[in-house]
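What follows draws every value from the coordinates through simple rules; no lab data is involved. In this text, all values refer to a predicted model and were calculated from it rather than measured experimentally. Because the Cβ atoms are built from the backbone with ideal geometry, glycine has one as well, and the counts that use them run over all protein chains shown.
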Amino acid sequence: MSKKDNFIRYPHIPNLEGSCKLRRLLLGKCLTWTIKEDGQNVTIWMRTKKYCKKKQEIVISSHNKEVSAPDIETNVRKCPQYETVLKLIKDFPMYRIVSEYCAKGASITGIKTYTEDELIIIDIYNAAERKYLPYTQMYQTCYHYGLPVVVLFSVTRHRTLKDLDKWAHYVLEYCNVVKEYGKDEGMVARAFDGDGECIMAKVKLDIPLPIKRRRIDNYPPTLPHIPVCDIMGAISHVEADFGLDGTPAHDMPLIAKAVSEECRKHCYSSRGNLFVYYKKYLKRKKVKKK
C-alpha cells in the first residue's frame with residue numbers, strides 16, 4: 001500500500017489557554033475561527049484494498065482507529081449527506097473528508113440539540129499534498145456539492161498575546177449567549193505555517209481561565225477536575241472506536257482508560273464516579289443493552 005493509503009489520525013486539538021508556546025505560534029498568522037460542533041469525529045476516505053490492488057474501498061475512520069465501530073459506520077451511512085460525500089470522494093480520490101457525526105437530539109455533552117442526524121464537514125485533508133485545505137477552499141468545495149460545512153465566525157490576526165487573549169475571551173462570551181440551538185460549546189482556531197502545516201487550537205466554555213498561583217514548596221500541585229464535557233467526549237471516542245454494548249464489564253474499563261488519557265493530556269485530575277457519567281451518556285444516546 002502507498003503512503004497515501006495509510007491511516008492518518010485526526011490531530012488532537014489543544015486548549016489555547018493551556019500552552020504559552022502554542023499561543024506564540026499563532027501570533028502574526030491569519031486565524032480562522034469556526035464554531036465547534038458537538039458530535040463524533042469521523043473521517044471518510046478511499047484506500048486501496050489490501051489483497052486486491054486494482055480495487056478501492058471506502059473507509060469510515062474514527063478519531064483514533066482506522067475503522068470505526070460497526071454501529072458508528074451504520075449511523076454515518078444513514079446520514080442524508082453520506083452519498084454526496086461519496087460523490088465528492090469519487091471526483092477527488094485524494095480527499096479525506098473529516099466530519100462531525102451529529103445524532104438527532106441532545107449532543108454528546110448535552111450543550112446543543114440537533115434536529116436530525118447529519119454530517120457536518122470540519123476539514124478536508126489532501127492526501128496527495130499531505131495537508132489540510134484552507135477554510136475558503138474547503139467551503140467552496142462543499143458549497144458546490146451542497147454539503148454542510150462548519151460555520152466560520154471570524155478571521156483575525158494578532159500581534160500580541162494580550163490581544164489574542166482578549167479576542168479569545170470575546171469568543172467565549174459570544175458562545176455563552178447564543179440561544180438558537182442552545183449554547184455553542186466553543187470555537188476552533190486554525191492557522192497555516194510557512195510549510196503548509198495546519199496549527200489548531202480550541203477555546204471552550206467549560207475550561208477555566210488560567211490564574212496565577214503562588215508556588216508553595218513541599219506541596220504537590222493541585223490539578224483541576226476534568227470537565228464533564230471532556231468525560232462525555234472520552235466516552236464518545238470509546239463508542240466510535242470500540243462500540244458500547246451497555247454492559248459495564250465491557251464498557252467501563254475502556255472508558256476509564258480513555259478518561260485517564262484525557263486527564264494526562266490536559267493535566268486534569270479525575271472526577272468522582274465515572275459510572276454516573278456512563279449511565280447519563282447511555283440515557284442520552286439511548287444505547288440499548290445487547
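Both radii are taken from the alpha-carbon atoms of the range 108-189; with Rh as the Kirkwood radius, Rg/Rh is 1.01. Going by neighbour counts of Cβ atoms within 10 Å, the residues Trp167, Trp33 line up, fewest first, as Trp167, Trp33. Here the residues Asp71, Asp91, ranked from fewest to most Cβ neighbours within 10 Å of their Cβ, fall in the order Asp91, Asp71.
In the range 228-285, what is the volume of the convex hull around the alpha carbon atoms, normalised per residue and reported in Å³?
Values: hull volume 4.2 nm³, N = 58.
Dividing the Cα hull volume of the range 228-285 by its residue count gives 72 Å³.
In loop segments of the range 93-160 as defined by DSSP, the GluC sites (Glu not before Pro) with at most 13 further C-beta atoms inside 10 Å of their C-beta are Glu116, Glu129. Taking every DSSP beta bridge with both residues inside the chain, roughly what % is antiparallel (nearest 5)? Expressed as a percentage, antiparallel bridges in the chain total about 90. Students often get this wrong, so try it: which of [x] 0.97; [y] 1.03; [z] 1.09 is Rg/Rh (Cα atoms, Kirkwood Rh) as calculated from the structure shown? Answer label, from the structure shown: [x]. Computed from the C-beta positions of Asp5 and Thr74, the FRET efficiency with R₀ = 35 Å rounds to 0.90.
Pulled fully out, how much extra length does the chain show between Ala128 and Phe92, if you take 0.36 nm times their separation in residues and subtract their Cα-Cα distance? Please list the in-between numbers first.
On the way: separation 36, 0.36 × 36 = 12.96 nm, distance 1.04 nm.
Length gained between Ala128 and Phe92: 11.9 nm.
Phi angles across the range 24-32 convert, under the Karplus curve 6.51 cos²θ - 1.76 cosθ + 1.60 with θ = phi - 60°, into 3J(HN,Hα) values of 5, 4, 7, 5, x, 9, 6, 9, 9 Hz, Gly and Pro given as x.
The Cα trace of the range 1-132 gives Rg and Dmax of 16.3, 48 Å, the first to one decimal, the second as a whole number. Placing a label point 7 Å from the Cα of Asp245 along the Cα-to-Cβ direction, the residues of the range 60-95 whose backbone N falls under 18 Å of that point are 68-74. For Thr141, Thr136, the sequence from fewest to most other C-beta atoms within 10 Å is Thr136, Thr141.
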